[in-house]
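Right, one structure below, let's go through it.
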Amino acid sequence: MVSVIPMKDKKLLEVKLGELPSWILMWDFSPSGITRTFQRGYYQYCNKYINMRKGSISRITMVLGCYMLFSYCLSYKELKHEWLHKYH
């Protein structure tokens, strides 16, 4: 038996290629709709990775990843200078 899911409730991976334009046009592009979308994404992220009941290595991995990215951005000028003169 095939379950019928309304177009508005489908996720991106459940939408067929022919239905994609009509699915995108159902979104709310008003400022309040965009704000709600970002809030929903933020809360989903927090509930999945930050506010979890059982601790896991994902928190530590995310902190280390952010630290590595931040330190790379801070030292980019020196690294770029080193790359240009490394093989000359």
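The values are calculated or read from the model by the stated rules, or taken from the named source; none is laboratory data. Just so it is clear, the model here is predicted, and its values are computed rather than measured. Using ideal geometry, Cβ is built from the backbone for each residue, glycine included, and neighbour counts are taken over all protein chains shown. Side chains included, ligands, DNA and RNA excluded: accessible areas come from the protein's heavy atoms. Shrake-Rupley method; radii C 1.70, N 1.55, O 1.52, S 1.80 Å.
Observations, loosely collected:
- Residue within segment 53-73 that is surrounded by 10 or more Cβ atoms within 10 Å (Cβ to Cβ) and outside any helix (DSSP H, G or I) present: no
- Number of positions in segment 11-26 that are under 16 Å from Thr37 (Cβ atoms), surrounded by 10 or more Cβ atoms within 10 Å (Cβ to Cβ) and over 19 Å from the mean Cα position of the chain (by Cα): 2
- Counting only residues that are among the hydrophobic types (A, V, I, L, M, F, W, C) and open to solvent by less than 100 Å² (accessible area, probe 1.4 Å), segment 27-52 holds 4 of them.
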